[in-house]
1. Are there any pairs, at least 6 apart or on different chains, whose C-beta atoms fall under 7 Å, with the first in region 315-331 and closer than 27 Å to residue 227 by Cα and among the charged types (D, E, K, R) and the second within 16 Å of the ligand (Cβ to nearest atom) and not in a helix (DSSP H, G or I), and if so, which?
2. Could you look through region 154-179, keep only residues that are in contact with a Leu (Cβ under 7 Å, 6 or more places away or on another chain) and in contact (Cβ under 8 Å) with a residue 40 or more places away in the chain, and pick out the one that is surrounded by the fewest Cβ atoms within 10 Å (Cβ to Cβ)?
3. Across region 181-221, what is the number of residues that are over 19 Å from residue 132 (Cβ atoms), away from the ligand (no atom under 13 Å from the Cβ) and open to solvent by less than 40 Å² (accessible area, probe 1.4 Å)?
4. Does region 116-131 contain any residue that is free of Cβ contacts under 8 Å to residues at least 12 places away in the same chain and surrounded by 15 or more Cβ atoms within 10 Å (Cβ to Cβ)?
5. Would you pick out the residues in region 193-221 that are assigned to a strand (DSSP E or B) and over 27 Å from the mean Cα position of the chain (by Cα)?
6. Kindly indicate the residue of region 325-365 that is part of a helix (DSSP H, G or I) and of a type in the set (Phe, Trp, Tyr) and also farthest from residue 103 (Cα to Cα) among those meeting that condition.
7. Examine region 283-296 for a residue that is hydrophobic (A, V, I, L, M, F, W, C), outside any loop (DSSP other than H, G, I, E, B), open to solvent by 20 Å² or more (accessible area, probe 1.4 Å) and out of contact with any strand residue (DSSP E or B) (no Cβ under 8 Å at 6 or more places or on another chain), and state whether such a residue exists.
8. Given the options 181, 172, name the one that is modelled with pLDDT of 95 or more, farther than 17 Å from residue 297 by Cα and charged (D, E, K, R).
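The values are calculated or read from the model by the stated rules, or taken from the named source; none is laboratory data. Just so we're clear, the structure is a prediction, and the values are computed from it rather than from any experiment. Counting neighbours? That spans all protein chains shown, and the Cβs are built from the backbone with ideal geometry, glycine included. We work out accessible area using only protein heavy atoms, side chains counted, and drop any ligands, DNA or RNA first. Shrake-Rupley method; radii C 1.70, N 1.55, O 1.52, S 1.80 Å.
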Amino acid sequence: MDHSATREEALARIAATQDLDTLEKLRVEYLGKQGSISGLLKTLGAMSPEERQIAGPQIHALREGVTDALAARKAALENAALEAQLASETVDLSLPAPESPRGTIHPVSQVMGELAEIFADMGFAVATGPEIEDDWHNFTALNIPESHPARAMHDTFYFPDKDGEGRDMLLRTHTSPVQIRAMLAQGAPIRIIAPGRVYRSDSDATHTPMFHQVEGLVIDKGITLGHLKWTLETFLKAFFEREDIVLRLRPSYFPFTEPSVEVDVGFALVNGKRVLGGSGDAPGHGWMELLGSGMVNRKVISAGGLDPDEWQGFAFGVGVDRLAMLKYGMDDLRAFFDGDVRWLAHYGFSPLDVPTLSAGVGARA
Ligand code: 2NL
């Protein structure tokens, strides 16, 4: 039997295909299990040897021709598809790179950076320490007696087990233990700030169980309340980027300082909002309590391994979250720790805009 008509028709149809799906359908039609050429091959089995000797090579040649044509057409179609893709996907290397999504700096981190920058300029190093503390470093060394309310369960998070030396373990309630550790480890003189997370069992609109504090400690010879006032005034002017910040020192009490002073800052009411600056005694002005401080109690100097007749110092403590709220006008403390990226997009800072004194510690991109 002559298969040239079948062959011509198959080759013409293969040559005419414009896509790989159609080509695959043709392959199945001719060479699949039920395909017409496969059917021809099956007829060989029913032939006499003489017939098969003639028909065999013809059918095999037909199958090879069609197989080759399918492969050649497949390669041509794939090549054409690749060429079309390359032509449509040219890369213009002169175009600016597409902007990739970039994270932002959390206001608490931003303010901690600003504090480190400002105090570094005054010769303070940044000190850190463990958030899990023992009650000696957190309370006893700071002259906080066993009976003090701050030690009670409802203020402090305690761990169920004591440490190897029988001391209660807790989440630090302030960063003061960092300074005790610094005194014991490095001796005097000392100029450090200790920023970090602190924990108190407290939760409402203005209190979160975890918040951020920065404490400062200076230990040297002949340190007075005057050094304390100048340091805090210089810090607050740099931080709020206003020369007209006015401080008022009020007598107070902390177990770890003697004397102790509460530091208020004057503000003006502008359109119902408090704006720091000017004396709080001026008409329409007021005083806002901002931080606590004092001369380090002699007992605390001793607990730090130093002789209080030789070394004096001052210390202060302030809430970082509160500083951030005041400076950047954020009114809900809880939003700080919700983890809502929309809040961060609104209040967050550019990671490339690092605080520096020369560029302004709180400059925004
Ligand atoms: C506040 C303000 C304060 C200190 C923290 C301190 C640390 C050492 C020695 C002495 Cl190692 N004092 N820190 C001092 C005064 C105030 O925090 O309102 N605290 C309840």
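1. Close Cβ pairs satisfying both conditions: 321/211; 321/212.
2. 157
3. So the count comes out to 1.
4. no
5. Within region 193-221, 217, 218, 219, 220 qualify.
6. Across region 325-365, the extreme among qualifying residues is 328.
7. Scanning region 283-296, I find no residue that is hydrophobic (A, V, I, L, M, F, W, C), outside any loop (DSSP other than H, G, I, E, B), open to solvent by 20 Å² or more (accessible area, probe 1.4 Å) and out of contact with any strand residue (DSSP E or B) (no Cβ under 8 Å at 6 or more places or on another chain), so the answer is no.
8. 172
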